[in-house]
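Enquirer: Can you read through this structure? Questions will come right after.
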Ligand SMILES: [Zn+2]
């Protein structure tokens, strides 16, 4: 709301500078976002919160200023002299729930023309374009009193009659009817939307916009000015459904002053009479639903309890003095407040407490940390346990050289299509947004990968030839028969590497690089029992990808991105290495090892043996390790594969796997003979199970 | 005789340059057929009076040679090591082989900082769904349908009853429903609004906070948030509370801090005012406590919320919020 300082000063005495006033208003809840100097005037850009529609006007702000400075508002002089002529006009309110009051005045024999400069200037300062003297007056009074008015061309109103009702009430309509608003748009009016009608047809969408047929034009000679109170909810529903927001609807939907509307009407009629040289006739005022103030009991003790103050009773009452509230039934313990009609936001005790705090000044309430009991439950919340896991994984991935990204939770259809998922895949059935901002944000992510692929495209286009990314966020999986999707915490990571010349050679396959980072994470969080099996994900290389399994459940996938996916990305790089990881943290969380129990450190020396077995090239090496680990001997301490070799010397379709076993006894030093016997038995067991032969 | 031998040994020792030569020299004197050993063998031919004296002299000579050899051995070992090390010299100015440490996203860095401060103040952490029921996002927070306060937040709709949460405030009600006071928690997370320009992205992060107990006051709200601001931005930063409006709190306040970019002198970012709005807060509206199943006569509370992006942008002087979600490595690698 734009408030010109000089206009404001017509209603309230201000001795402070505009800057000082701006500060006072800001600290009283009317944030002055900007001060604009125009000539010798200053315009305040005031941010009026939705609970205070009464302050969407010069007089409203003047009231607040008066309360702050302890003075009074002077209303404009209304010197109404009506022509004593019998009125030939009728008003009927047919839906009194939607229209509690409807008043009007007729001004005859007006001369339509431009309004005077002073009025045009004021309208312009408030951002309103001048149209003609009659329309300008309705806008002027809107700004001054905050009450929307509408001027009709009296002679266009059939039967000199106004009816207020919905199409359902007036016509018994069950289907929408057509009506052209003064912006020239034909609109479909639903049966429950409130309209203003003349004797025959609709002439305005109540409180939103007038019709084109009854609009004031240069040819107008007689006008009917409407001032009404409409139900805020009804106006808002109509405005929303029609997609039509006006200065009038903005105020009506927030709630207008059912009392001041009469004063606003008089002010407008008088101004029109003055500026358009008309003669004014008597007033019509239909007020079927009388407004009455709801009394709010207030307890002094409660005021101090909520605010953390120890104000005396008189001080509390003093704070409310300037607000035009009716205060009654004052006792030792409290009082009753009857708010004025322009303060419909005040309905509860706490609303009055807010006013006391506001006028006492938030600055005058000293900060004090609360004294509280410790929480009821000392255990970590689920959210906290998840947060700790995420923080731990985040540190691990950062240390392993992965840069953290944060992507929007929504993606486009095209992003999902990239993954080549089957039509029946649940990841294609993500939660859809009804009003997306763009094509690439229509559906909530059902997996993380599409976002990282987007990041890949962005960064490859920028000439990055080697990078590692990760992200932690939620995915959203639809659930049968549930309104809300299942939200699961996930981690996704990506390695992108082109074959670039490098000072230092490291030709580790990126699959193992990523898997190593993951294994470090599992070690760090004490997750045991993770296994890998070949993955069938359509977007991964079938020979270089794995499902990550724990206790029979898949908790993620890791693998080289399928060439079919990579080719479709159309990145300009020769066969880059792209490895991706997705890990379901919600599934992982229950497997996080809780506490560590110390085991004694072995005192006796170890003995090592190395063996290379020639096995089928297709054999999964983990089988050898599993066989060693499960061999029934408590002297096997550790085993590791240290070489895998394929080549002519081991034969076609074969490979050599070299592994090391470390033996140790907890109660004595092992002898070489003992170990030789044990190792021979182990190797023959492994060879037999794998069909392998000792490589000579 | 032995003096001559010692002199000749010293002369020989001067010519030795390798450990091998030293070993040969030692053998020449002290070996089985070495000159000193041969001398020892001649002792038998001496008289009983001469023998001890001569024996002592030869032994002294032997010890002297051994000790000189030992010293020479240490010297030669050092020389040889120095030679080897010199030959192994590398170009120490070539860059090291890094794993290329990953960079943390500035939002999560700031988010963790905020969480740490509140955890130190005794707050626990809670969460709620990002795809949320209209009931929790609006109704239970005293924002009924057809209320103009809904205009304060442009909402993404999934259906008439389901929205992408527009703030983290619904977590307040969800926690109140399942836990009894005292409550003291924060709820960090992603929120969504149908809006995109230099200062708005359709997704951003908020941290919500709620405290409910028997004697919680507006003064306590100020105490906690002043403490937060001083820990987050520095103890010298001024804080002010201005009246505002949120349907779910009453009284409501907007919290400004003295502009940290211009030391509150006035600049482009603070629009010349010297103040930056960083948080919204207020005493929990009794209607919201009732929605959460808490008796507003017995309990009072305060709630607050802040935008993580806003604080991140101030902290790192980022002037376009969209940069935070483009995930361009030229941006991310700066943090
Ligand atoms: Zn500044």
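Enquirer: How tilted is helix A:510-524 with respect to the longest principal axis of chain A? Cα atoms for both, answer in degrees (0 to 90, nearest 10).
Expert: Its long axis makes an angle of about 80 degrees.
Enquirer: How many Å³ per residue does the convex hull of the Cα positions in the range A:559-599 occupy?
Expert: About 129 Å³ per residue, rounded to a whole number.
Enquirer: At q = 0.06, 0.07 Å⁻¹, what log₁₀ I(q)/I(0) does a Debye calculation on the Cα points of the protein assembly as shown give, no solvent, two decimals?
Expert: Those come out to -0.65, -0.81, one per q.
Enquirer: Can you sort A:419, A:449, A:569 by how many other beta carbons sit within 10 Å, fewest first?
Expert: A:569, A:419, A:449
Enquirer: If the viscosity is 1.002 mPa s and the temperature 20 °C, what translational diffusion coefficient in µm²/s does Stokes-Einstein give for chain B when Rh comes from Kirkwood over Cα pairs?
Expert: The diffusion coefficient I find is 81 µm²/s.
Enquirer: So, one more: Compute the Cα gyration tensor for the range A:251-320, then decide on rounded, prolate or oblate, letting a ≥ b ≥ c be the square roots of its eigenvalues: rounded whenever a/c is under 1.5, prolate when a/b is larger than b/c in the other cases, and oblate in all that remain.
Expert: prolate
Enquirer: Taking Cα centroids, how far is the range B:1-60 from the range A:552-573 in Å?
Expert: 80 Å
Enquirer: Using the Cα gyration tensor of the range A:379-591, with a ≥ b ≥ c the square roots of its eigenvalues, what is the shape: rounded (a/c below 1.5), prolate (a/b larger than b/c) or oblate (neither)?
Expert: Since a/c reaches 1.5 but b/c is at least a/b, the shape of the range A:379-591 is classed as oblate.
Enquirer: Would you mind computing, in nm to one decimal, how far apart the modelled labels at residue B:90 and residue B:41 are, each placed 7 Å from Cα along Cα→Cβ?
Expert: 5.5 nm
Enquirer: For the range B:135-185, state what percent of all Cα-Cα pairs lands in each successive 10 Å bin, counting from 0 Å until the bin that includes the largest distance.
Expert: The calculated distribution, bin by bin, is 22, 52, 21, 4.
Enquirer: Further question: Would you kindly state how much longer the chain becomes between residue A:188 and residue A:658 on full extension, computed as 0.36 nm times their sequence separation minus their alpha carbon distance, in nm to one decimal?
Expert: Here the segment from residue A:188 to residue A:658 would lengthen by 161.1 nm.
Enquirer: In whole Å, what three semi-axes, largest first, describe the equivalent ellipsoid of the range A:493-614 built from its Cα gyration tensor (square root of 5 times each eigenvalue)?
Expert: 32, 22, 14
Enquirer: Taking Cα atoms, how many degrees apart are the long axis of helix B:2-15 and the longest axis of chain B, rounded to 10 and kept between 0 and 90?
Expert: So the helix axis and the longest Cα principal axis differ by about 50 degrees.
Enquirer: Let me ask something else about it. Whole angstrom only: what separates the Cα centroid of the range A:252-306 from the Cα centroid of the range A:29-75?
Expert: For the range A:252-306 versus the range A:29-75, the Cα centre distance is 18 Å.
Enquirer: Separate question: Highest mean first, what order results for A:89-99, B:245-255, A:175-185 on Cβ atoms within 10 Å?
Expert: B:245-255, A:89-99, A:175-185
Enquirer: Per-residue mean of other chain beta-carbon atoms within 10 angstrom of the beta-carbon, peptide B:206-216?
Expert: Average per residue, whole number: 2.
Enquirer: Using label points projected 7 Å from each Cα along Cα→Cβ, tell me how many nm separate residue A:696 and residue A:622, to one decimal.
Expert: In this crude label model, residue A:696 to residue A:622 measures out at 3.5 nm.
Enquirer: Could you check what % of the DSSP bridge pairs in chain A are antiparallel, to the nearest 5?
Expert: 95 percent
Enquirer: What FRET efficiency comes out for the pair residue B:322/residue A:121, r = Cβ-Cβ distance, R0 = 30 Å, nearest 0.05?
Expert: 0.15
Enquirer: Hey, what angle do you get for helix A:18-27 against the long axis of chain A, alpha-carbon based, 0 to 90 degrees rounded to 10?
Expert: Compared with the principal axis, the helix lies near 60 degrees.
Enquirer: Could you work out the Rg to Rh ratio of the range A:654-696, with Rh taken as the Kirkwood radius (inverse of the mean 1/r over all Cα pairs)?
Expert: 1.05
Enquirer: While we're looking at this one, here's another question. Among rounded, prolate and oblate, which fits the range B:154-232 when a ≥ b ≥ c are the square roots of the eigenvalues of its C-alpha gyration tensor, a/c under 1.5 means rounded, and a/b larger than b/c means prolate?
Expert: oblate
Enquirer: Quick check on chain B: of the DSSP beta bridges with both residues there, what percent are antiparallel, nearest 5%?
Expert: Among the beta bridges of chain B, antiparallel pairing accounts for roughly 95 percent.
Enquirer: Still on this structure, I have one more. With a Cα-only, solvent-free Debye model of the range A:558-651, what are the log10 I(q)/I(0) values at q = 0.13 Å⁻¹?
Expert: Ignoring solvent entirely, the Cα scatterers give -0.92.
Enquirer: Under a point spin-label approximation (7 Å from Cα along Cα-to-Cβ), what is the residue A:330-residue B:152 distance to one decimal in nm?
Expert: Modelled inter-label distance: 3.3 nm.
Enquirer: Still on this structure, I have one more. Shielding of A:27-40 by partners, i.e. mean partner chain Cβ atoms within 10 Å per residue?
Expert: The per-residue average across the peptide is 2.
Enquirer: At R0 = 30 Å, how high is the FRET efficiency between residue A:673 and residue A:531 if r is their beta carbon distance? Nearest 0.05 is fine.
Expert: 0.25
Enquirer: Just for the Cα atoms in the range A:607-694, what are the lengths along the principal axes, largest first, rounded to whole Å?
Expert: 45, 21, 19
Enquirer: What is the list of residues in the range B:7-34 whose amide nitrogen lies under 14 Å from a point 7 angstrom out from the Cα of residue B:60, following Cα to Cβ?
Expert: Within reach of a label on residue B:60, which here means backbone N under 14 Å from a point 7 Å along Cα→Cβ, the range B:7-34 contributes B:7.
Enquirer: What average count of beta carbons from other chains do you get within 10 Å of the Cβ of residues in B:219-225?
Expert: 6
Enquirer: Then there's this: Within a 10 angstrom radius of the beta carbon, how do B:275, A:197 rank from fewest other beta carbons to most?
Expert: B:275, A:197
Enquirer: OK, next. Can you tell me the order of B:124-135, A:646-657, A:122-133 when each peptide is scored by its average per-residue count of other Cβ atoms within 10 angstrom, highest first?
Expert: Answer by packing, highest mean first, reads B:124-135, A:122-133, A:646-657.
Enquirer: Which value in deg cm²/dmol, rounded to the nearest 500, describes the helix-derived mean residue ellipticity at 222 nm for chain B, given -39,500 (n - 2.57) per DSSP H run of n ≥ 4 and division by the residue count?
Expert: It lands at -13000 deg cm²/dmol.
Enquirer: For chain A, what is the calculated [θ] at 222 nm in deg cm²/dmol (nearest 500), taking -39500 (n - 2.57) for each run of four or more DSSP H residues and dividing by its residue count?
Expert: -9000 deg cm²/dmol
Enquirer: Order of B:176, A:1, A:448 from fewest to most other C-beta atoms within 10 Å?
Expert: A:1, B:176, A:448
Enquirer: Over 18 Å apart: what share of the alpha carbon pairs of the range B:184-314 falls there, rounded to a whole percent?
Expert: In whole percent, the long-distance tail amounts to 58.
Enquirer: Can I ask one more? Cα atoms only: what Rg and Dmax, in Å, come out for the range A:167-319?
Expert: Rg then Dmax for the range A:167-319, in Å: 21.3, 66.
Quick note: the coordinates plus some simple rules give every number you see, no bench work behind them. In this text the structure is predicted, and so the values were computed from the model without any measurement. Because the Cβ atoms are built from the backbone with ideal geometry, glycine has one as well, and the counts that use them run over all protein chains shown.
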